[in-house]
Amino acid sequence: VEEANKLYYQEHRKEFPFAHCWIPSSFVSLESDDTSCITPSGTPSGGSVVSPRKRPARKRKEKEAIRKSKIQEAKDTKFYNLLEQFTKSVTEKDASKAAKDALKAEKFAKKTELEERKVKAMEEMASIERREIERKEKETEMQIMNMNLSEIDDPRQKAYYNQLKNDIISKMLARQDVQDYYPSLDGS
């Protein structure tokens, strides 16, 4: 075994890693469980008693440390992935909400514009109706003012039309736009 260890060391420039598996029969008593730990050089050490089939404590600790670091790395990766997914989800929700808000604002603007048009159209219609009523009223007043009262025989009827003429004249004077109030019927 010592020769094999020396050859391995010369060829690979390191000690044989499985030397602990090769226990010389002179050190092992089959009747007793008392075995000494064997160093890679094949000589017994005065250390603790180790079963020849178990890994050395140093190897177990190294493997345990590697396993724990892999578990931690996996947890860190999983946490990072979850955090990334959460961030992406929040970003998508924010973008979706912004798009919905923009759509709502656009709909509101269109609705407001439509309402403004309706109000403007209704005001214009009311203005047209008012002008039409004023035009008809002026036409009626013009007929009353141009009426020849000398042909009316009934004194009550004559008094009624005289009163209407007086009301029309006082209305004209109150407006102070006598020339504009009764435009010629041909011009309108």
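A compact table of results
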{"quantity": "Order by protection proxy (mean Cβ within 10 Å, highest first), peptides 11-20, 81-90", "calculated": "11-20, 81-90"}
{"quantity": "Estimated FRET transfer efficiency (Glu137, Lys107; beta-carbon r; R0 41 Å; 0.05)", "calculated": "0.40"}
{"quantity": "Rounded accessible area per residue of the stretch 83-185, 1.4 Å, Å²", "calculated": "87"}
{"quantity": "For the stretch 61-120, alpha-carbon Rg and Dmax in angstrom", "calculated": "25.5, 86"}
{"quantity": "Euclidean distance between Cα centres, the stretch 1-18 to the stretch 84-157, Å", "calculated": "103"}
{"quantity": "Projected label distance in nm at Glu124 and Gln157, using a 7 Å step from Cα toward the beta-carbon", "calculated": "4.6"}
{"quantity": "Exceeding the 30 Å Cα-Cα cut-off - candidates Lys88/Lys110; Lys61/Lys88; Lys138/Lys158; Lys136/Lys158; Lys6/Lys70; Lys14/Lys70", "calculated": "Lys88/Lys110; Lys61/Lys88; Lys6/Lys70"}
{"quantity": "Shape metrics for the stretch 85-185, restricted to C-alpha atoms - Rg then Dmax, Å", "calculated": "30.4, 102"}
{"quantity": "In nm, spacing of pseudo-spin labels at Gln10 and Glu73 (7 Å Cα→C-beta vector)", "calculated": "3.8"}
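The values are calculated or read from the model by the stated rules, or taken from the named source; none is laboratory data. All values derive from a computational prediction rather than experimental measurement. A quick note on method: Cβ atoms are made from the backbone with ideal geometry, for glycine too, and the neighbour counts reach across all protein chains shown. Side chains are part of the model used for accessible areas, which takes the heavy atoms of the whole protein and leaves out ligands, DNA and RNA. Shrake-Rupley method; radii C 1.70, N 1.55, O 1.52, S 1.80 Å.
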